[in-house]
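The values are calculated or read from the model by the stated rules, or taken from the named source; none is laboratory data. If you're wondering where the values come from, they're calculated on a predicted model, not measured in any experiment. Here the Cβ positions follow ideal geometry from the backbone for every residue, glycine too, while neighbour counts run over all protein chains shown.
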Amino acid sequence: MSTDSLGFITCPLCGCACGLNLLAQRIRPDQPLSITVLPSSAPGWGASGLCMRGWQIGEILRSRRRLRHPMAWQEGGQQQVTWDEALALAAEPLRRLRAMEPAAIGIVLGDSLGNEEAFAAREFAAMLGTPNVACLGLEIDAPAVHGLEQVLGAPYRAPEPEEMDGADLFICVNSNLQHLNPRAAGAMARRVQQGAARMVLIDEVDQGLGAWSEVHARHQPGMRAGALRQVTAALAGEGRDGPLSPEDLRALRSIIGESRRVAVLVSAGALGGADEAQAAGRLVQALRGEARWVGAYVLPSGANTFGTLDMLAADGHSPRGMSATHMLAADSGLQALIVIGDDLGRLYGPEELATLRRRVHFVALPSFISPNTELADVALPVTVSGEREATIRRPDGRVWWSEATLEPVGEARRAEAVLDALAAALGESRRWSDRNTTWAAIRERVPGYRHVALGRLRAAELPAVGLDTAAVAIVVDPRILTQSPATAAEPDGAHPFVLIPRSGRGGWITDPRCQGAHILRREATMYREPYVLLSRDDAQAMNLRDGARVQITTETGAAVVRMRSEAGIPSGVGVLPTEYPGVIRVLGGGGEGGRLPIAPVAGAIEPSEIR
C-alpha cells in the first residue's frame, strides 16, 4: 500500500450499507496512519450524508477492539498463538467429525460478510460434508421479508433509495428506525424539514420519529398487524374494529388521500413476524390501488442480508441443514461450531454463550473482540470492509464493490484465505481466495448473477442482479418464517406493566464493532448495562431518577436493571431493549425454537434500591 490511498467502501455497520470513501494518509513512515472519511456521490442512503457511526468508520476500523492475532483457549484463558498453531487446533476436531459425523458440524454466518465470503463459507460446508450453514442476521429479518413476499408474489426488491426524493408522504411502521437504519431515517427527516413531504407514524411507542410526524397513530402493544389491517380497511371504505382511535384513522385517511407518492418504511428486525409483514404488504397493495406511486422499503439489519441470501441459494436451493438458531440450541446435537463474521451476543446472553462453549468445539472468525472471541476455543482474525475487496447486494438489487484501501490490522487475513488454510489443514486444496475463480463460480451457480461481471464491478459500475434471485422461503427454515405472531399482553394487579422487546439506541454500544469509537463514550456510559425505558410519569410516580435500579418480575423470571425515562413511552409500558437478549429471555420465557421473544409480556416494576 502507498502511504496515500483513496478507496470506495460500503459501511458494514447496518442495513443502510452507505457508500463512502476512505482516504488513508501517512505523512512520514514513523507516523501512525490517518484515516479520513469522505462522502461519496454513489446512489444510496449515504448520498445525503452519513450517520455518527459512518463518520467514525476510520476510527472503528483501527479500534483497540480489533482482533489482531490468532487466539486459543489454553490453561483456562485466551492465549495468543501462531497461525499454524491456531489452524491445527481448529482443524483437529473438524477432521474427526468430517470422517465420522459431518452433520455434527455447523457454520453460522454474519449478515455483513461480502458475497465472496458467504459463497466460500457455503463451499467450505459442502467440503466438510455438512448441510448446516446459515446466517443468523438473515433469520432475524426473514419473517418480515417473507411476509411481504407472500403478499407481493415475488422475491422482495426494494425501490432505489433516491426514489424517496420524490415522495410526498412517509408512512413509518416503527419509530426506532433511526436506531436501526439511521440514514434512511435521516433522509426522511430532511425531506420533512424542507417541507417537501409529510410523515405519519403507526407504532405503539415513540422512540424518536414522533417529532417529525404529523400523526402518531398509537396502538396497543402487540397489535401492529391489527392496526395496519384497520388502515387498509379504511382505505377501502370498510369499517373495521381495531386498536387505532377513530380520530387517528380519519387523520391518516385524509393525509393519504392528499398524497400521490408514498414511501412505506419499516426495519425488518422491528416487525414481530410474517403476520405483521403481511399486513404491511396488504397496506402497500391498497395504497397502490389509487393511482399513486408507492415504494415499500423493508430495511434489513445487516449490510449484506440479501447478498448472503443469494449465496446460500447457490444451485437454486438451500444447503438444507439446520437454521442458525437451531444450531445454537441445546438439543442441536452439534459438536463443532464455526462462526464467521457474526457476534452471537446479539441474540444470546453471557450465560447462554458460556453453556454453548461447553457443548461444542467453538471456532470463531471475527474481526473485533466480542463474546465470541472471549469464549472461542480458537479465534482466527479476519479483515473487514476497507481491508479487502468484496461485494454486497443491496435490497434494490444493485451489486456494490468495496475496494481494499487499508492494510489488514495485525495478522488478520481475508475470510476466504482462512477457509483456504483450514481446507489445507484438512488435506484439501481450495482457491476460494482467488477472486476470478470465485466469481466464475458465482456467475455460474447463483441465480440472478450470470451477467454480473467482475470487470464491471471493479470499474465502479453498479449492475443489478436478475429478477430470478431466490425468495427467503428457499433458504430459511420454515419454522423461522412461521413463528407465532405477537399478541397483546394482559396486565393485572400483580403485573401492571406491559413490557415490549424493542431495539433502542443502546444497540450502538453493544455492537462490538462500535465499542472503540470515542464519539460514543457518552452513550457507552449511559447504556453499558441492561436497562428498561419507562414513561416520565411512571418514573416520577415511583420516585425514580434516570440510572436507578429497578426489579422487573414476570411469570417466567425476574431481573434487576437500570431505569431510563423517555417522553415517547406511554404510562404502563416498559421497553426492554433487545441489545440485552439475556434479560429478555429471562423475562419473556425464552422464545420459540431458541429465537428471541417478540411478544409483549405483563410484568411488575419496582425500585430495587433506596437512596
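I'd like to know if the stretch 532-548 contains one or more residues that are surrounded by 20 or more Cβ atoms within 10 Å (Cβ to Cβ), closer than 25 Å to L271 by Cβ and within 22 Å of the chain's Cα centre (by Cα).
yes
Of all residues in the stretch 39-71 being crowded, with 20+ Cβ neighbours inside 10 Å and of a type in the set (A, V, I, L, M, F, W, C), which is nearest to Q515 (Cα to Cα)?
Going through the qualifying residues, I end up with I60.
Of the residues that sit in the stretch 56-76 and are touching a residue at least 40 places away in the same chain (Cβ under 8 Å) and assigned to a strand (DSSP E or B), which one is farthest from D4 (Cα to Cα)?
Per the criteria, the residue is W73.
Residue by residue through the stretch 420-440, note down the ones that are under 16 Å from V399 (Cβ atoms) and out of contact with any helix residue (DSSP H, G or I) (no Cβ under 7 Å at 6 or more places or on another chain).
Listed by number, the list holds a single entry, A440.
Taking the conditions exactly as written (of a type in the set (K, R) and either assigned to a strand (DSSP E or B) or touching a Gly at 6+ places or on another chain (Cβ under 6 Å) (or both)), does R53 satisfy them or not?
no
Restricting to the stretch 259-277, what's the tally of residues that are in a loop (DSSP other than H, G, I, E, B) and either at pLDDT 95 or above or in contact with a strand residue (DSSP E or B) (Cβ under 6 Å, 6 or more places away or on another chain) (or both)?
1
From the list V409, V382, V418, V452, pick out the single residue that is more than 27 Å from G77 (Cα to Cα) and either among the aliphatic types (A, V, I, L, M) or within 24 Å of the chain's Cα centre (by Cα) (or both).
None of the other options fit; the residue is V452.
Looking at this structure, is L20 crowded, with 20+ Cβ neighbours inside 10 Å, without any contact (Cβ under 8 Å) to a residue 40 or more places away in the chain and closer than 18 Å to W401 by Cβ?
Here the answer is yes, as L20 does meet what is asked.
Considering only strands (runs of 3 or more DSSP E) fully contained in the stretch 493-578, which possess at least 3 residues that are farther than 30 Å from G341 by Cβ and not acidic (D, E)?
497-502, 531-535, 549-553, 558-566
List the pairs whose first member sits in the stretch 297-326 and is on the phi > 0 side of the Ramachandran plot, whose second member is surrounded by fewer than 24 Cβ atoms within 10 Å (Cβ to Cβ) and aliphatic (A, V, I, L, M), and whose Cβ atoms are under 9 Å apart, counting only residues at least 6 apart or on separate chains?
Qualifying pairs under 9 Å: G316/A470; G316/I474.
Is it the case that some residue within the stretch 192-205 is in the same structural domain as I256 (by TED's automatic domain parsing), outside any helix (DSSP H, G or I) and either within 21 Å of H326 (Cα to Cα) or touching a Pro at 6+ places or on another chain (Cβ under 7 Å) (or both)?
Yes, that holds for at least one residue.
Taking interchain pairs and intrachain pairs at least six residues apart, which have beta carbon atoms under 8 angstrom, with the first residue in the stretch 117-130 and over 20 Å from F306 (Cα atoms) and the second at pLDDT 95 or above and of a type in the set (D, E)?
Sorted first by the residue in the stretch 117-130, then by its partner, the pairs are M127/E428.
Can you find a residue in the stretch 119-130 that is small (G, A, S), under 18 Å from S323 (Cβ atoms) and not in a helix (DSSP H, G or I)?
No - not one qualifying residue is present in the stretch 119-130.
The conditions are (1) within 22 Å of the chain's Cα centre (by Cα); (2) modelled with pLDDT of 95 or more, and S370 fails exactly one of them. Which is it?
(2)
What is the number of the single condition among (1) crowded, with 18+ Cβ neighbours inside 10 Å; (2) more than 23 Å from Y297 (Cβ to Cβ) that P32 does not meet?
It is condition (1) that P32 fails.
Only residues that are closer than 30 Å to H179 by Cβ and touching a Pro at 6+ places or on another chain (Cβ under 9 Å): list them for the stretch 19-47, please.
G19, L20, N21, P43, G44, W45, G46, A47
Given the options I107, I171, name the one that is in contact (Cβ under 8 Å) with a residue 40 or more places away in the chain, closer than 28 Å to H326 by Cα and either hydroxyl-bearing (S, T, Y) or in a strand (DSSP E or B) (or both).
Selected residue: I107, the only one of I107, I171 that is in contact (Cβ under 8 Å) with a residue 40 or more places away in the chain, closer than 28 Å to H326 by Cα and either hydroxyl-bearing (S, T, Y) or in a strand (DSSP E or B) (or both).
Test of understanding: among S318, S267, which residue is buried (at least 24 other Cβ atoms within 10 Å of the Cβ), of a type in the set (G, A, S) and under 30 Å from G114 (Cα atoms)?
After applying the criteria, what remains is S267.
Among the candidates R190, R198, R157, which residue alone is in contact with a Gly (Cβ under 6 Å, 6 or more places away or on another chain), in contact (Cβ under 8 Å) with a residue 12 or more places away in the chain and at negative phi?
Just one listed residue meets the conditions, R157.
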